[in-house]
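Chemist: Please find one structure pasted underneath; my questions will follow.
The values are calculated or read from the model by the stated rules, or taken from the named source; none is laboratory data. What you are looking at is a predicted structure, and each value in this text was computed from that prediction instead of being measured. Every residue, glycine among them, receives a Cβ derived from its backbone with ideal geometry; neighbour counts consider all protein chains shown. Remember, those area values only see protein heavy atoms, side chains included, never the ligands or the DNA or RNA. Shrake-Rupley method; radii C 1.70, N 1.55, O 1.52, S 1.80 Å.
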Amino acid sequence: MAAAQLTASSISARSLLPSFDGLRLSTAKIASVAPLRQGRSFRGLVVKAATVVAPKYTSLKPLGDRVLVKVKVAEEKTTGGILLPTTAQTKPQGGEVVAVGEGRSIGKNQVDISVKTGSQVVYSKYAGTEVVFDGSNHLILKEDDIVGILETDDVKDLKPLNDRVLIKVAVAEEKTAGGLLLTEASKEKPSIGTVIAVGPGPLDEEGNRKALSISPGNTVLYSKYAGNDFKGPDGSEYIALRASDVMAVLL
C-alpha cells in the first residue's frame, strides 16, 4: 500500500496500525479529510486535528466579526432508541453562542455582531476552526458563516441572518410524464420550493441593510448543490441558502 501523508498534531505513533483496514486515530479529532486523488495512491489524504486549548486559559475572546460557538453534541440514538455507532452519528451543524467579537467597520460605521451570547444558531457545513476549550468542542467562525438562529427543534422556525433564505423544498415527482412510477433512488432532487423566511439583507458599503427582493410565500427556483439541507420533524425537507443562489421567482 502506498504511504499515506497524515497531518495531525495529536496523532501518536502507536495509534497507527500496519494495514489500512486497521488505521485508527485514537488521539486526534478529525475536522476534515481532503479528497483522495484518483488511483490507488493515498498521498492526498490529510487529517486536521482540532486545536486543544490548555486548561490554564479560562476564557476565549473572539476578535472582529468572529463568534465562538459551543457545538451541540451529536445524537447517540435514533428517535426509536437504537444506539448509533460513532460513524453513523450526524455531525452537528448547530450550537450555542458563548462569545462574540467587537464587530467590524464598514465605511464610517461600526457594525455589531447580529447574534448575542446564549443564542442557538445553525452554521454552514465545514465552516470555522474547531477548538477544544474548557473540555467541550467549539467552533470559531465568522458571523457570515452563521445561517440563522434556531431556538426550537423544528427547522421551519429558523430565523435566517444577513442574505440567507429558508426554503421548504417541493416534493419530488412520484411519476414520470408518461405515468411510470419512480423509485426513491431515481427521483430527481427538486430545485424548486416555497420561501418560508428571509434574512434582513446584506450590508451595503456604508453598513446599512439592503432588503432582499424575495418574500415569504414566493415559489422560487434555486441553484442545485447550494446551501445547507435540513429535514424537519415531519420529514419535510428544507434548504437555507444565500439570496444570490435563488435564480427566479415562479408565478
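Chemist: Mind listing just one residue for me: the one in the stretch 207-226 that is closer than 17 Å to I192 by Cβ and in contact (Cβ under 8 Å) with a residue 24 or more places away in the chain and, of those, most open to solvent (accessible area, probe 1.4 Å)?
Modeler: Filtering first and then ranking leaves K224.
Chemist: Can you say whether P85 is at pLDDT 70 or above, out of contact with any strand residue (DSSP E or B) (no Cβ under 9 Å at 6 or more places or on another chain) and surrounded by fewer than 15 Cβ atoms within 10 Å (Cβ to Cβ), as far as the supplied structure shows?
Modeler: When the stated conditions are applied, P85 does not pass them.
Chemist: Taking the stretch 236-246, which residues are over 16 Å from the mean Cα position of the chain (by Cα) and open to solvent by 40 Å² or more (accessible area, probe 1.4 Å)?
Modeler: S244, D245
Chemist: Where residues in the stretch 88-140 are of a type in the set (A, V, I, L, M) and outside any strand (DSSP E or B), which of them is most open to solvent (accessible area, probe 1.4 Å)?
Modeler: The extreme case among them is A88.
Chemist: Of all residues in the stretch 141-154, how many are of a type outside the set (A, V, I, L, M), open to solvent by less than 40 Å² (accessible area, probe 1.4 Å) and not in a strand (DSSP E or B)?
Modeler: Of the residues in that region, 2 qualify.
Chemist: Moving to a separate point now. Read through the list (1) at pLDDT 95 or above; (2) assigned to a loop (DSSP other than H, G, I, E, B), then give the number of the only condition that V220 fails.
Modeler: (2)
Chemist: Which one is nearest to R242 (Cα to Cα) among residues in the stretch 106-123 that are polar (S, T, N, Q) and at pLDDT 90 or above?
Modeler: Ranking the candidates gives S114 first.
Chemist: Considering only the stretch 195-217, state which residues are of a type in the set (G, A, S), in a loop (DSSP other than H, G, I, E, B) and at pLDDT 90 or above.
Modeler: Across the stretch 195-217, the qualifying residues are G199, G201, A211, S213, S215, G217.
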